[in-house]
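A.B. asks: Dropping a structure here in structure tokens format, bear with me for questions.
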Amino acid sequence: MNAKIQTLKELYPEDLLGYSHKLTEGEVAVLSELRVSLEKHLRPVLTDFYERGTFPFDEFYKVVADVNFMNDDRIFEGRENKLKTSELFNAFLYLELARFDASIATFFTVHGGLCLNTILVGGSEEQINEFVPKLRSFEYQGCFGLTEPDHGSDIAGGLATSAKRVGDKWILNGEKRWIGGSDTADIIPIFARDTEDNKIKCFIVRKGAPGYKAEVIPHKGSLRMIHNGHITLDNVEVSEADRLPNIEGFKSVNDILTFTRADIAHLAMGVSAGSFIAAHKYVTEREQFGKKLASFQLVQEKLVRMQSNFVANLGYSVQLSHLQEEGDALMTNSALAKMHNSLNMRENVALGREICGGNGITLEADVMRFFLDAEAVYTYEGTHEINALIVGRAITGVGAF
Ligand SMILES: Cc1cc2nc3c(=O)[nH]c(=O)nc-3n(C[C@H](O)[C@H](O)[C@H](O)COP(=O)(O)OP(=O)(O)OC[C@H]3O[C@@H](n4cnc5c(N)ncnc54)[C@H](O)[C@@H]3O)c2cc1C
């Protein structure tokens, strides 16, 4: 067995079918270093920040300083440029982050998934050259402003935020809801409807723009650490130079979501691993009836269901990543994978919680965070129903929503 495969077996013992074997040596090295750094800087503060419902910015940026997992040269070996890592690495990056914590992975997805892909899909060459390196190095923090208070699932037709062109400026008015990281982001892509041609366009609102306000939504029971903002845009001015010229209607938004919905399939796969790993640890330590919980047949059956859910989720993610790498990314596939992986994730976090008994409802057994966080993951980036309807439309030819 070569050294890379040996390292992977130690890093991902739960990857029973060897889906990780196609990662490059450089990718494996970065993922291994990320694991160590997350444990060092973030593990000690997780419970505290979770309970306080706020994001551990200092500790997160210590991880970025240690392992720049978006920018390290080793993840671009053999690739044309530093615009995108391999899709397989991307899937395992989500596994690595989400098996650790879903808020950390969500913070990354709004920055390195949604915002980055918005720039890549919608930006001019100059905009890509300006924003992508700064996002990759985390010099800029990015987010993604699509959803509105009155329009979630029906945002494609309902988007109400307006953009009015006045000379070489645009004036934005409206509200956005749930926007991850929007209270601290340096660049905030806002999707708005042009009052002239009624088409959806995208504008980069910069931090501190007059008329921009992002209030953090309080009292969340799920993904407590990530700050979700309720944005108000009151005559916010954006220059024409900060409009993304290649966002032309909702079709362009779908091009972005095709990639980012795959990201959330990977994130759900990571959460299903996290709860499995925590439950596995618990049952190999706790004794009842004079024996380890792991020795009971009923406990093993639940554990194996969790293991099998994880492997199935990883299979979806890895095959999706291969298709994307080959230039064959389809919304139907991303929607299918997001729906599938989220359902399995939801079963895994419930089984993990159950296996840990009473201690399973505390943050100590480390399954409760995953249980609570899974609810938000299940809903964002297209709810279960909407993703089912996207696939339903593709396989029946009948649109039902
Ligand atoms: C923690 C969190 C973070 C988020 N981050 C972001 C972000 O960074 N940027 C961003 O733009 N958005 C973000 N969102 C928004 C997210 O994408 C929406 O919550 C999601 O699209 C669902 O919209 P909604 O919550 O308004 O639910 P609704 O659309 O009101 O749906 C409510 C329920 O009705 C069902 N439903 C709706 N229509 C139909 C139909 N036709 N048929 C069957 N069932 C239907 C839904 O499936 C759901 O179960 C985030 C949300 C959460 C919770």
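The values are calculated or read from the model by the stated rules, or taken from the named source; none is laboratory data. What you see is a predicted model, and the numbers here were worked out from it, not measured in a lab. For neighbour counting, all protein chains shown are included, and Cβ atoms are generated from backbone atoms with ideal geometry for every residue, glycine included. Accessible surface is based on the protein model in full, side chains and every heavy atom, while ligands, DNA and RNA are left aside. Shrake-Rupley method; radii C 1.70, N 1.55, O 1.52, S 1.80 Å.
A.B. asks: Name the pairs whose Cβ atoms lie under 6 Å apart, with the first residue in segment 16-30 and within 18 Å of Ile277 (Cβ to Cβ) and in contact (Cβ under 8 Å) with a residue 40 or more places away in the chain, the second outside any helix (DSSP H, G or I) and open to solvent by less than 10 Å² (accessible area, probe 1.4 Å), and 6 or more positions between them or separate chains?
C.D. replies: So the pair list comes out as Ser20/Tyr12.
A.B. asks: Is one or more of the residues making up segment 327-347 under 22 Å from Thr85 (Cβ atoms), surrounded by fewer than 24 Cβ atoms within 10 Å (Cβ to Cβ) and within 16 Å of the ligand (Cβ to nearest atom)?
C.D. replies: Checking segment 327-347: at least one residue is under 22 Å from Thr85 (Cβ atoms), surrounded by fewer than 24 Cβ atoms within 10 Å (Cβ to Cβ) and within 16 Å of the ligand (Cβ to nearest atom).
A.B. asks: List the number of the failed condition for Ser86; all other conditions in (1) touching a Leu at 6+ places or on another chain (Cβ under 6 Å); (2) more than 16 Å from the ligand (Cβ to nearest atom) hold.
C.D. replies: The failed condition is (1).
A.B. asks: Which of the residues belonging to segment 253-309 are free of Cβ contacts under 8 Å to residues at least 24 places away in the same chain and of a type in the set (Phe, Trp, Tyr)?
C.D. replies: Within segment 253-309, Phe289, Phe296 qualify.
A.B. asks: Among the residues of segment 259-276, is there at least one that is open to solvent by 20 Å² or more (accessible area, probe 1.4 Å) and among the acidic types (Asp, Glu)?
C.D. replies: Looking for residues that are open to solvent by 20 Å² or more (accessible area, probe 1.4 Å) and among the acidic types (Asp, Glu), one finds none in segment 259-276, hence no.
Listed here are the residues, each with its yes/no results for (1) outside the structural domain of Leu120 (by TED's automatic domain parsing); (2) among the charged types (D, E, K, R); (3) within 24 Å of Leu135 (Cβ to Cβ).
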position	(1), (2), (3)
Arg165	yes, yes, no
Lys176	yes, yes, yes
Ser182	yes, no, yes
Ile187	yes, no, yes
Ile190	yes, no, yes
Lys199	yes, yes, no
His219	yes, no, no
Asp234	yes, yes, no
Thr258	yes, no, yes
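A.B. asks: Pick from Asn81, Asn90, Asn71: which is part of a helix (DSSP H, G or I) and open to solvent by 10 Å² or more (accessible area, probe 1.4 Å)?
C.D. replies: Going through Asn81, Asn90, Asn71 in turn, the sole match is Asn90.
A.B. asks: Keeping to segment 194-241, report how many residues are under 30 Å from Asp48 (Cα atoms), open to solvent by 50 Å² or more (accessible area, probe 1.4 Å) and of a type in the set (A, V, I, L, M).
C.D. replies: Within segment 194-241, residues that are under 30 Å from Asp48 (Cα atoms), open to solvent by 50 Å² or more (accessible area, probe 1.4 Å) and of a type in the set (A, V, I, L, M) number 1.
A.B. asks: Tell me which residues, restricted to segment 375-393, are open to solvent by less than 60 Å² (accessible area, probe 1.4 Å) and assigned to a helix (DSSP H, G or I).
C.D. replies: Passing the criteria: Ala376, Val377, Tyr378, His384, Ile386, Asn387, Ala388, Leu389, Ile390, Val391, Gly392.
A.B. asks: Let me ask another. Is it the case that segment 192-215 has a residue that's within 12 Å of the ligand (Cβ to nearest atom) and farther than 18 Å from Tyr140 by Cβ?
C.D. replies: No, because not a single residue in segment 192-215 is within 12 Å of the ligand (Cβ to nearest atom) and farther than 18 Å from Tyr140 by Cβ.
A.B. asks: Do you know which residues across segment 5-55 are surrounded by fewer than 17 Cβ atoms within 10 Å (Cβ to Cβ), in contact with a Lys or Arg (Cβ under 6 Å, 6 or more places away or on another chain) and under 25 Å from Ala365 (Cα atoms)?
C.D. replies: Listed by number, the list is empty, since nothing qualifies.
A.B. asks: Scan segment 127-171 residue by residue and report those that are open to solvent by 30 Å² or more (accessible area, probe 1.4 Å), out of contact with any helix residue (DSSP H, G or I) (no Cβ under 8 Å at 6 or more places or on another chain), within 10 Å of the ligand (Cβ to nearest atom) and under 22 Å from Asn235 (Cβ atoms).
C.D. replies: Pro149
A.B. asks: A follow-up question, please. Scan segment 15-31 and give yes if some residue there is touching a helix residue (DSSP H, G or I) at 6+ places or on another chain (Cβ under 6 Å), within 30 Å of Pro218 (Cα to Cα) and of a type outside the set (Ser, Thr, Tyr), otherwise no.
C.D. replies: No; the residues of segment 15-31 include none that is touching a helix residue (DSSP H, G or I) at 6+ places or on another chain (Cβ under 6 Å), within 30 Å of Pro218 (Cα to Cα) and of a type outside the set (Ser, Thr, Tyr).
A.B. asks: I've got another one for you. With respect to Val121, is the statement that it is closer than 25 Å to Asn228 by Cβ and either in contact with a His (Cβ under 7 Å, 6 or more places away or on another chain) or open to solvent by 40 Å² or more (accessible area, probe 1.4 Å) (or both) true?
C.D. replies: It is true that Val121 is closer than 25 Å to Asn228 by Cβ and either in contact with a His (Cβ under 7 Å, 6 or more places away or on another chain) or open to solvent by 40 Å² or more (accessible area, probe 1.4 Å) (or both).
A.B. asks: Sticking with this one: Within segment 172-187, which residues are near the ligand (Cβ under 10 Å from one of its atoms) and assigned to a strand (DSSP E or B)?
C.D. replies: Within segment 172-187, Lys176, Arg177, Trp178, Ile179, Gly180 meet the criteria.
A.B. asks: Ok, one more. Are there any pairs, at least 6 apart or on different chains, whose C-beta atoms fall under 6 Å, with the first in segment 84-113 and touching a residue at least 60 places away in the same chain (Cβ under 8 Å) and the second open to solvent by 10 Å² or more (accessible area, probe 1.4 Å) and within 10 Å of the ligand (Cβ to nearest atom), and if so, which?
C.D. replies: Between residues of segment 84-113 that are touching a residue at least 60 places away in the same chain (Cβ under 8 Å) and residues that are open to solvent by 10 Å² or more (accessible area, probe 1.4 Å) and within 10 Å of the ligand (Cβ to nearest atom), the close pairs are Val110/Phe144.
A.B. asks: Ok, one more. Checking the condition over 25 Å from Phe100 (Cα atoms) and modelled with pLDDT of 95 or more, which residue from Arg243, Arg305, Arg261, Arg286 passes?
C.D. replies: Arg243
A.B. asks: Only residues that are hydroxyl-bearing (Ser, Thr, Tyr) and not in a strand (DSSP E or B): list them for segment 139-171, please.
C.D. replies: Tyr140, Thr147, Ser153, Thr161, listed by residue number.
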